[in-house]
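Asks: Before I ask anything, here is the structure I am working with.
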C-alpha cells in the first residue's frame, strides 16, 4: 500500500499465547527486521538484541511474550535465537549437524521448539525439548521454574 | 460476528533502533540441545516431507506432503499419535499455512482452492470448518492463532504490499 511514500511491508505475524503481543517482520531500511508490538497500546516494544543480524524470519512468541524466537543471519549462517524480554538474556541456538533452519515455532509455554530444515531434498521438522533450558512462560498465575537456566 | 482490526505500522516505528549489544549476556545452547526422538516417527516418515511447523503446548500442526499431495497433520505430542481431522483436508485444495491453539482444539489455516485463497478456522470439538473473510479484500498468506484460539493474525497481500490484520473471533 502506498501511503506517505511508504510501501506496506508487514510479514510473518506471530501472536503471543495471550493474544496481547504481535511479532512480525518489517522492512527497516531495506532489512527484514523483527518488530514486537503491544496490541493494547499499539506501542512498539524495544528489543535489546534483535536490531542486528538481519534478515530475520519466522518469529514466534511464548504465552506472555516473554520469549521471542526468530531466525537470524550471523555471518554466513542462519541461526535460531531467543530473546528473553524478562531477564534481558539472549540465547543462541545452533542447529545440529549444520542444518539450516527455515522455520521455527516456539511452544506457548516455551517448553519445546519445532524447527523446519532441509535434508536430502525434503523438508523435515524436528522437535527440541527446552525444559530445563528456559523457565516456562505460562498464563498469569501459573509461572513456575522447572529448573535453573543453564548458561 | 467477526471483528476485524487492521494493524497499521506507523513509519515512525521503522526509525526505532536499539544500540545495545549482547556482549556478556548471550548464552549458547549448542552443547545441550535435546531432540525428542520418541516423536520422530510421527514427523519424519522418509517418504514424506514436513514443513510449516506450528506448536501448541502439546500439539504440533504441520503441512505434510506425501506423493505430491499436501495436507494438514496434527500430532498429539503427549499421546504420541496423529489426530484425525475429519472434514479439514480436501483433495482439491493446497494448504499454505497453519496455526494451532495451545490446547490443540482450534486450527486456523490458509489454503488455495481453485483460483481462491481462503482463510479458515477449524474447531476439532465440533468438527466444523468456517471461512473467515478478510476485509478490506486481500489474499491471505500466513496465519497465527493465539493460545485460546480466539484471536488470529494474518498476513495479507493487498494493493501491492503486505499487511497484517488482527482478527478477533469474539462470537465463536
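Asks: How many angstrom separate the Cα center of the stretch B:36-51 from the Cα center of the stretch A:38-88?
Replies: 27 Å
Asks: Taking just the C-alpha trace of the stretch B:36-168, give me its Rg and Dmax in Å.
Replies: In Å, with Rg to one decimal and Dmax whole: 14.6, 46.
Asks: Expressed in nm², what is the orientationally averaged projection area of the convex hull enclosing the Cα positions of the stretch A:2-129?
Replies: Taking the Cα atoms of the stretch A:2-129, their convex hull projects to 8.9 nm² on average.
Every number here is computed from the coordinates shown, using simple stated rules; none is lab data. The shown structure was predicted, so the numbers you read here are calculated from the model rather than taken from an experiment.
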